[in-house]
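Okay, structure first, notes after.
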Amino acid sequence: MRIYVSGSLAYDRIMNFGGRFSDHILPDKIHVLNVCFNVDGMQEKLGGTAGNIAYGLAQLGESPVLLACLGADGQRYLDWMVQQGVDTSQVRCIQEEYTAGAFITTDQSDNQITGFNPGAMKYPCGCRVERMEPGNSLAIVAPGNLEDMTRLPAEFREVGIPFILDPGQSLNIWSGGQLMEAMQGARALISNDYELEMIRRMTGLSLRGILERVQAVITTKGEQGSVLFQGQRRVDIPISPAGELKDPTGAGDAYRAGLLKGMALGLDLAEACLWGAVLASYAVACYGTQEYNLEREDFNQRLAALGAAARLA
């Protein structure tokens, strides 16, 4: 099955400040703020929703098709994706822009200051949905370019490709009307619990109202696991215990990758959610969103254990 992943590709530049931001900001001078923080070096990690989800799918033996844009500095990201077995034939390169990038500085109190340059993400990917095979395809529309996020759901519906809508961190650039149109007919709407509340407020829809437009709602709740709403059915999905917790960043994208893999295998959505929960347990045990590597035997053991725990619950 061809799995199409629409979203962002980005470089995350991560920096740590050895003090506290609050010690260097004068409250009575906030209107003329001018500060500089000397950081303890910088790490660059590959990120972006599409890249993270595609990486997770590749770990599970899939060769997903990326629908996204890179900038003039994107060749090494492209090379990395190819090394993982990801299909990059639909990635659009914008030579006059840099690849999207986040510059994240964290202080000793875990406060963060982030600057984000959308760069090449300002451009739509330009993919041709009519050339896809509806009977052998599955897609996810993850946070990325707004034109892609609003165009692709309508085109997937038109040609009959099942898709997941994942507006997530891009909600601040949507209108309520755009959200209601995009979610229509989706195989699932996925978000965390905070984002679901934002979606409800933006659209004026109750959970039941959303379920009249989508086949299922999947809500992730961090350490409390996730929950699937499907018709009159509610299924609580526990977390899969991680060996250690190093960095929760990217766990949501790993969950989506596992979910898509389960769906591609033809599993019931509740079973597919278990795949998502297990893959997320690998992501949180690594610093960075594309750093984990799984062994299939270990994955299967975790999946079996989680399935037993879910049935016991």
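Of all residues in the range 236-252 being assigned to a loop (DSSP other than H, G, I, E, B) and over 18 Å from the mean Cα position of the chain (by Cα), which is farthest from TYR282 (Cα to Cα)? Talk me through it step by step, then tell me what you get.
Residues of the range 236-252 assigned to a loop (DSSP other than H, G, I, E, B): 238-250.
So of that shortlist, the ones also over 18 Å from the mean Cα position of the chain (by Cα) come out as 238, 240-246.
Details: PRO238: 15, SER240: 9, PRO241: 9, ALA242: 7, GLY243: 8, GLU244: 9, LEU245: 9, LYS246: 10 Å.
Within the range 236-252, the match that is farthest from TYR282 (Cα to Cα) is PRO238.
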Criterion violated by GLY231 - all others in (1) of a type outside the set (D, E, K, R); (2) at positive phi; (3) in contact (Cβ under 8 Å) with a residue 24 or more places away in the chain; (4) surrounded by fewer than 13 Cβ atoms within 10 Å (Cβ to Cβ) satisfied: (3)
Answer from ILE14, ILE25 - the residue that is touching a residue at least 12 places away in the same chain (Cβ under 8 Å), of a type in the set (A, V, I, L, M) and more than 30 Å from ARG131 (Cα to Cα): ILE14
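Determine, yes or no, whether ALA309 is small (Gly, Ala, Ser) and under 21 Å from MET81 (Cβ atoms). Walk me through how you get there before you give the answer.
Working: small (Gly, Ala, Ser): yes; under 21 Å from MET81 (Cβ atoms): no.
When the stated conditions are applied, ALA309 does not pass them.
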Which listed residue, of GLU130, GLU147, is surrounded by fewer than 16 Cβ atoms within 10 Å (Cβ to Cβ), farther than 30 Å from GLY19 by Cα and within 21 Å of the chain's Cα centre (by Cα): GLU147
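Each value in this text was obtained by applying a stated rule to the coordinates, not by laboratory testing. Every value quoted in this text rests on a predicted model; they were computed, and no experiment measured them. Every residue, glycine among them, receives a Cβ derived from its backbone with ideal geometry; neighbour counts consider all protein chains shown.
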